[in-house]
Amino acid sequence: MLIKSLTRGEAGENQVTPEDVYLNRRRFLQGLGAGTALAATGSQAGLLDFLSPSAPQTPATGAAPRAPLRYQAGKLESGLILTPEEKATNHNNYYEFGTDKTDPARNSQGLKTEPWTLRVEGEVAKPGTVDIGELIGSAALEERIYRMRCVEAWSMVIPWVGLELGKFLKRFEPTSKARYVAFETLYDPEQMPGQRSSFVGGGIDYPYVEGLRMDEAMHPLTLLSLGIYGQTLPPQNGAPVRLVVPWKYGFKGIKSIVSIRLLEKMPPTSWNLLAPQEYGFYANVNPEVDHPRWSQASERFIGPGGLLDVKRQPTLAFNGYGEQVASLYAGMNLRKFF
Amino acid sequence: MSTTSQPAPPRQYRKPLVRVLQVAVHLGALLPLVWLFYAIPRGALGGDPVKELIHFLGLGALRLLLLTLLVSPLARGLGFGQLIRLRRPLGLWCFAWACLHFATWLSLDLAFAWGLIGDELVKRTYILLGFSAWLILAVLALTSFPALVRRLGRRWKTLHSLIYPALLLVCVHFWWSLKSGWIEPAIYLSLALGLLWFRRRLLPWPRKLPATSKP
Ligand code: HEM
């Protein structure tokens, strides 16, 4: 892929170089009209193998419009390969739109994401609401290319665009009592079929809720994401605003957030409520603690190849971000607090 | 269909009708597999089709299993004995879909990592249940050749009663495999129990003594 070949070999983890060639080239490409969600990977279709993925069009409802973003480009850690955009946007877990991986892309295109307000309240000196459209226009956005590890033992590498959650939260002046952060997804059964019917929604008690410890929320790797692949988020990936915590399983990355509350006590989290023996509050990626029904020691990487190009790789502790985050959990028994 | 009042089609049409139905069974089981070759490259199973493919094939195998078990109550209910000739193709197709389901897991999901595969087969009870069901289906498929059926005689019938535990194993495998939700597997389990109910008198489970059975 183009993006990959432009950045391959550049070392350094999550370093950000302003206005480098990579960014300019990418903007240039977008300017040429390659900015539609699918065209950027069109060159892939050249492989004649019928099992190779040509761009799957989002079905009939018509894809929700996405806007290009201005941001500081991120770097691809050497050795990593980006997951193609059409895979990252057509293989989603977003049970509000159905439990099959294809359901979210199919059923979410009508989600109304403008206007969208995000409430920040609880243990903060200055509670308030933020208009996401304004935030996109005003915040200094940056790109972070992270490994994404789903609890179902598959993984991707995704270029997120957003801002550090910690920097965002500081605007609201967290009080000294704030020890946890609780997040909540939009609750709108009219728009979200999974919230109307437990059959569609997999039996989760909606709205979807997630939580972090304050130090996890303030960690510089934790991202409040507003986009992927250089553009605003498509609904199936959590438009217009979602959480990204790269050292935790994907389900911690709550989507379409409407509320953030800072709390003294640990908040409930959706998957933990549904199956406490399978999903903990922490959900740190840990190859040594299996899910009761499958091993977490390795993962299937979803990369640019076709169906037969299977890449199974060892899972890394903290999804490879141990150097930055392991100290947060010093002295904790991670088998117990999984 | 449990009543016998339903008339079978007139005698002269029965044979051709069974032929047509046989062709329909073959096409019905084959065409979805052909469709995959068209659909997967076009993204119908999503950006990463592996899990969806496993689900598609597993669910297809279960449906074929239910259809296989529907044949004899239907034949009896309709008084249309020749329908029984649909049973073997349905059963073999069920096995074929189950093999593809298994093979997809082995190859595309676990990438033939045999150590991991061995571990998963014994550690994960739901996988063990699916695998047991698959072993049963394999034995039944291998002993379904007409020559063997004749050779085995009475024992064939006993052997092929294993289909009932296989059906229940698959239903539990399905239920257990889900991350959340229970409605869909519950529907399949009720269908399975319904099919077993038709056979309650034929099955070798403990029955009341003849004194209480109707003449
Ligand atoms: C040979 C051993 C088998 C293995 C290793 C196996 C493996 C699996 C796996 C990995 C899943 C998906 C779990 C997930 O979503 O994480 C699954 C689901 C399923 N399997 Fe199997 N399976 C086996 C045998 C069978 C057989 C023989 C049948 C039916 C005749 C069957 C029917 C199903 C069904 C209906 C599902 C659920 C599909 C859905 O969620 O829509 N499996 N199996």
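The values are calculated or read from the model by the stated rules, or taken from the named source; none is laboratory data. From a predicted model like this one, the values you see are computed outputs, not experimental measurements. Because the Cβ atoms are built from the backbone with ideal geometry, glycine has one as well, and the counts that use them run over all protein chains shown.
When we screen A:Pro276, A:Pro246 for residues that are farther than 21 Å from B:Val50 by Cβ, outside any strand (DSSP E or B) and within 14 Å of chain B (Cβ to nearest Cβ), the only hit is A:Pro276. Determine whether segment A:244-259 contains at least one residue that is over 30 Å from A:Lys75 (Cα atoms), touching a strand residue (DSSP E or B) at 6+ places or on another chain (Cβ under 8 Å), buried (at least 18 other Cβ atoms within 10 Å of the Cβ) and polar (S, T, N, Q). Yes, because at least one residue in segment A:244-259 is over 30 Å from A:Lys75 (Cα atoms), touching a strand residue (DSSP E or B) at 6+ places or on another chain (Cβ under 8 Å), buried (at least 18 other Cβ atoms within 10 Å of the Cβ) and polar (S, T, N, Q).
Being in a helix (DSSP H, G or I) and touching a helix residue (DSSP H, G or I) at 6+ places or on another chain (Cβ under 7 Å) is the requirement here; does B:Leu90 meet it?
Yes, satisfied.
Do you know which of the residues in segment A:203-238 that are crowded, with 23+ Cβ neighbours inside 10 Å and within 14 Å of chain B (Cβ to nearest Cβ) is farthest from A:Leu163 (Cα to Cα)? Going through the qualifying residues, I end up with A:Tyr208. Taking segment B:90-130 as the range and being away from chain A (no Cβ under 11 Å) and among the β-branched types (Val, Ile, Thr) as the test, only B:Val122 passes.
Any residue in segment B:165-172 that is within 14 Å of chain A (Cβ to nearest Cβ) and not small (Gly, Ala, Ser)? Yes - at least one qualifying residue is present in segment B:165-172. Note down all Cβ pairs under 6 Å where the first residue falls in segment B:179-190 and is of a type outside the set (A, V, I, L, M), the second is buried (at least 16 other Cβ atoms within 10 Å of the Cβ), and they're at least six residues apart or on different chains. From residues that are of a type outside the set (A, V, I, L, M), the pairs are B:Ser180/A:Gly202; B:Ser180/A:Gly203; B:Ser180/A:Leu274; B:Gly181/A:Gly202; B:Gly181/A:Gly203; B:Pro185/B:Phe174; B:Pro185/B:Trp175; B:Tyr188/B:Cys171. Within segment B:44-72, residues that are more than 14 Å from every other protein chain (Cβ to nearest Cβ) and assigned to a helix (DSSP H, G or I) reach partners that are more than 8 Å from the ligand (Cβ to nearest atom) and charged (D, E, K, R) with beta carbons closer than 7 Å, at six or more positions or on different chains, in the pairs B:Thr68/B:Arg87; B:Val71/B:Arg87; B:Ser72/B:Arg87. Every condition in (1) within 13 Å of chain B (Cβ to nearest Cβ); (2) surrounded by fewer than 17 Cβ atoms within 10 Å (Cβ to Cβ) is met by A:Pro268 except one, and the failing one is (1). Evaluating B:Asp48 against the criteria (1) out of contact with any helix residue (DSSP H, G or I) (no Cβ under 8 Å at 6 or more places or on another chain); (2) at pLDDT below 95; (3) among the charged types (D, E, K, R) leaves one unmet condition, (1). Checking each residue in segment B:120-142 for being near the ligand (Cβ under 9 Å from one of its atoms) and of a type outside the set (A, V, I, L, M) picks out B:Glu120, B:Arg124, B:Tyr126, B:Gly130, B:Phe131, B:Ser132, B:Trp134. Taken over segment A:302-322, residues that are without any contact (Cβ under 8 Å) to a residue 12 or more places away in the chain and outside any loop (DSSP other than H, G, I, E, B) amount to 1.
The lone criterion from (1) at pLDDT 95 or above; (2) within 16 Å of the ligand (Cβ to nearest atom) left unmet by B:Val25 is number (2). For segment B:131-144, state whether one or more residues are touching a Cys at 6+ places or on another chain (Cβ under 7 Å) and surrounded by 15 or more Cβ atoms within 10 Å (Cβ to Cβ). The answer is yes, given that some residue of segment B:131-144 is touching a Cys at 6+ places or on another chain (Cβ under 7 Å) and surrounded by 15 or more Cβ atoms within 10 Å (Cβ to Cβ).
In this entry, A:Ser259 is excluded by the filter for residues that are without any contact (Cβ under 8 Å) to a residue 40 or more places away in the chain and away from chain B (no Cβ under 12 Å).
If I go through segment B:106-119 residue by residue, how many of them are within 8 Å of the ligand (Cβ to nearest atom) and touching a Leu at 6+ places or on another chain (Cβ under 7 Å)? Looking only at that region, the number is 0.
Tell me whether segment B:37-60 contains one or more residues that are under 25 Å from B:Ala147 (Cα atoms), surrounded by fewer than 19 Cβ atoms within 10 Å (Cβ to Cβ), under 15 Å from the mean Cα position of the chain (by Cα) and within 10 Å of the ligand (Cβ to nearest atom). Taking every residue of segment B:37-60 in turn, none turns out to be under 25 Å from B:Ala147 (Cα atoms), surrounded by fewer than 19 Cβ atoms within 10 Å (Cβ to Cβ), under 15 Å from the mean Cα position of the chain (by Cα) and within 10 Å of the ligand (Cβ to nearest atom).
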